[in-house]
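Notes follow the structure.
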Amino acid sequence: MASRETLVAEFMERVAARNTGQDEFLQAVEEVACDVLTIEKANSAYAQAHVFERLTEPDRIIGFRVVWEDDAGQLQINRGWRVQMSNAIGPYKGGLRFHPSVNPSVLKFLAFEQTFKNALTGLPLGGGKGGSDFDPSGRSDREIMRFCQAFMGELAHHIGPDQDVPAGDINVGTREIGYLFGAYKKFAQRFHGALTGKGGSFGGSKMRVEATGYGVLYFTACVLMRRDQQIEGKRIAISGMGNVATHAAEKAISMGATVISLSDSSGVVLAEDGLTSESLEWLRGQKAAGASLDGAPAHLKLDFREGLKPWGLTDAEIAMPCATQNEMNEDDAKNAVESGLKLLVEGANMPLTSGAAQALQDAGVTYAPGKATNAGGVAISGLEMSQNSYRRFLTSEEVDAALKDIMQRIHDTAAAEGRDGDQINYRRGANIAGYRRVADAVCAYGVL
Ligand code: NDP
């Protein structure tokens with residue numbers, strides 16, 4: 001059999017030729033290819049079905065124009081997309097992102113990752129992702145509402161509880177899901193679970209907002225437990241200051257960790273002695289008001305550094321990048337290693353450049369990939385779909401218990417597939433476990 005390197009190089013040549021210039025997508029495909037191509041080659045059913053190559057072609061990509069009116073009465077034109085990657089094991093499922101950096105390459109990488117992540121949860125969820133190049137920063141609440149309604153005017157034709165069930169992602173939170181679901185309900189003339197992350201009064205699940213960040217910590221606890229360690233007393237550097245980052249920080253604080261940073265696109269806030277619930281609330285308030293992160297009251301002991309990232313600024317044995325893709329480059333990773341990094345747990349999707357991932361591997365840092373660690377959000381979205389179908393709602397305690405259970409199961413599945421002597425390669429384990437589940441379904445359907 002050809003070497004793994006040759007298999008990957010030949011495969012990536014074909015994929016690159018079909019996806020010119022789609023750097024994020026190619027980066028995500030290559031990372032999985034390194035782990036699964038040898039598995040596929042060794043399994044004649046998978047190999048004959050060309051499963052992995054098929055999984056790099058979305059079932060379909062829906063692209064559309066979004067026209068809306070701003071507060072000044074001017075027409076604004078944006079682009080919207082939905083990438084329906086694979087519904088091999090369930091309806092397409094994945095978030096919507098509103099950010100100027102959104103383009104088909106970014107959405108294809110996210111939908112591709114989502115396919116494996118969703119398989120890893122053990123729930124019947126396919127993979128998809130969507131969004132728009134709309135920039136919500138500085139926009140009024142009414143403008144956000146009009147944009148969401150215009151966006152849904154097109155998307156509504158392509159989603160539904162058995163078809164495709166979007167949720168939130170960057171810049172799409174509970175408020176936006178409210179506007180999107182309201183518009184869906186009006187256009188489709190249906191009230192059913194076509195979106196998740198909804199408000200509690202109209203079908204949302206308890207704990208969906210917290211689930212991704214809390215799940216990251218539950219996964220981290222599983223990794224540490226294998227080594228007879230615990231989160232209490234650990235110094236954790238977190239990047240980002242949105243849904244995932246702030247809930248990861250909240251849970252870490254409650255578990256007794258010292259959270260030494262949060263960050264956003266303006267810079268990093270350092271807390272040498274650790275964030276407290278009070279300082280976290282102050283930061284959330286500043287973000288909600290669109291205000292500066294500088295100038296916190298002295299007793300909160302926060303130190304804002306404009307334009308910087310958290311990595312390597314102060315000692316931390318655990319890093320949790322929770323902002324966006326490729327936010328940590330090779331130099332950042334080396335700086336973090338010099339400051340004592342032992343474990344990196346991804347909160348964001350693909351936050352490491354290939355160079356950063358290599359630098360961590362060279363330094364022997366344990367690496368837990370987003371596909372496994374941030375799957376708590378989509379898992380609770382899966383529970384929201386079930387709750388919407390059988391019209392019975394779980395309590396916060398029940399959802400939290402389910403989340404812990406799912407994160408433990410994801411950890412154990414990835415650990416079992418990724419065992420390498422007495423070490424665990426979580427990336428390899430997550431990629432292979434997710435791939436196998438989707439591959440078995442793809443093979444069962446024949447040539448389609
Ligand atoms: P939010 O929009 O709530 O927060 C994103 C945060 O990242 C903001 O603080 C933002 O800063 C910061 N950020 C964005 N781009 C950059 C950048 N280029 N440099 C520095 N900071 C940046 O998004 P979420 O917390 O929901 O998502 C964060 C990540 O987690 C994404 O990768 C997402 O795909 C992933 N994820 C989210 C899930 C969820 O349930 N929400 C589920 C699974 C994964 P600013 O405010 O200044 O723009």
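Values quoted throughout were computed directly from the atomic coordinates according to the rules given, and no laboratory measurement underlies them. Only a predicted model underlies this, so the values are computations on that prediction, with no experimental measurement involved. Reconstructed Cβ throughout: ideal geometry from the backbone, glycine too, with neighbour counts over all protein chains shown.
Order these peptides, 352-362, 127-137, by their mean beta-carbon neighbour count within 10 angstrom, highest first. Can you show the working numbers first?
Numbers: 352-362: 18.5, 127-137: 23.6.
Descending mean neighbour count gives 127-137, 352-362.
What is the order of S386, S140, fewest Cβ neighbours within 10 Å to most? If you can, show how the numbers build up before the last one.
Values: S386 14, S140 11.
Final ranking by Cβ density, sparse to dense: S140, S386.
With a bin width of 5 angstrom, please list the P(r) values of the range 390-448 as percents of all Cα-Cα pairs, from the 0 bin to the one holding the largest distance.
Calculated P(r), rounded to whole percents: 4, 16, 15, 15, 13, 14, 14, 6, 2, 0.
Evaluate the charge dipole of the chain about its Cα centre and quote only its size in Debye, nearest 20, assuming +1 on the Cβ of each Lys and Arg and -1 on the Cβ of each Asp and Glu.
Details: 46 positive and 56 negative charges, 304 e Å.
Its charge dipole is roughly 1460 debye.
At q = 0.15 Å⁻¹, what is the log10 ratio I(q)/I(0) for the range 210-364, with the Debye formula run over Cα points and no solvent?
-0.70
Could you check the simple spin-label distance between D412 and D228, using points 7 Å along Cα→Cβ, in nm with one decimal?
2.2 nm
Provide C148, C443 in ascending order of the number of other Cβ atoms located within 10 Å of each residue's Cβ, fewest first.
The most exposed by this proxy come first: C443, C148.
Take peptides 44-51, 397-404, 370-377 and line them up by average Cβ neighbours within 10 Å, highest first, as a rough protection proxy.
Working: 44-51: 15.1, 397-404: 16.8, 370-377: 29.8.
Top of the packing list down: 370-377, 397-404, 44-51.
Counting C-alpha atoms alone, how compact is the range 28-105: give Rg to one decimal and Dmax as a whole number, in angstrom.
In Å, with Rg to one decimal and Dmax whole: 18.2, 61.
How big is the dipole moment of the range 25-96 about its Cα centre under a simple scheme where the beta carbon of each Lys and Arg is +1, that of each Asp and Glu is -1, and everything else is neutral? Debye, nearest 20, please.
Numbers: 7 positive and 10 negative charges, 54 e Å.
That gives a dipole near 260 debye.
Output needed: percent of Cα pairs per 10 Å distance bin for the chain, bins running from 0 to the one holding the longest distance.
Once binned at 10 Å, the Cα pair distances of the chain give 4, 22, 32, 27, 12, 2, 0.
Among W311, W68, W81, whose mean-square fluctuation peaks in a Gaussian network model of the chain (Cα, cutoff 10 Å)?
Among W311, W68, W81, the largest GNM mean-square fluctuation belongs to W68.
Strictly over 28 Å apart at the Cα level, which of K342/K404; K287/K334; K198/K287 would you flag in this model?
Working: K342/K404 23 Å; K287/K334 30 Å; K198/K287 22 Å.
Check vs 28 Å cut-off fails for K287/K334.
Using modelled backbone amide H atoms (1.01 Å from N, in-plane), which distant-in-sequence or interchain residues come within less than 5 Å of V259's amide H?
Those lying under 5 Å, H to H, from V259 are I236, L275.
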